[in-house]
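Working notes for the structure below.
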Amino acid sequence: MCNPSPAALQNLVNMASSAPPSLPADYQQLCPRFDRQYAKDMARWANNPELVLGMFYAFIFQDALRFELGSKEDMAILADAIEDYRWVELEA
């Protein structure tokens, strides 16, 4: 039986609490061209689990740019939010 140290347990708790949010349940309807498996592979390669959500939002952002759904100022704010992993701003 494994008995992890208190420090190891705390590390697991910290990792769990800092885990990136998951994709929206309807992500395929929001962005049919987003390839979740590819994003997961890239996140694993980069050792950055937040990359999955970042790639999803980047696809959404590209669509917003293409269809001119916001002002230049709004698009600049969204681009910064993607770069800085500020998911709450994007979800709003």
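The values are calculated or read from the model by the stated rules, or taken from the named source; none is laboratory data. These numbers come from a predicted model, not from an experiment. We place every Cβ from the backbone using ideal geometry, glycine too, and count neighbours over all the protein chains shown.
Quick one: how many residues across region 4-51 are at pLDDT below 90, over 15 Å from the mean Cα position of the chain (by Cα) and under 25 Å from LEU65 (Cβ atoms)?
Count: 0.
Just give me the residues in region 42-68 being exposed (fewer than 12 other Cβ atoms within 10 Å of the Cβ) and either touching an Asp or Glu at 6+ places or on another chain (Cβ under 6 Å) or not acidic (Asp, Glu) (or both), in sequence order.
TRP45, ALA46, ASN47, ARG66, PHE67
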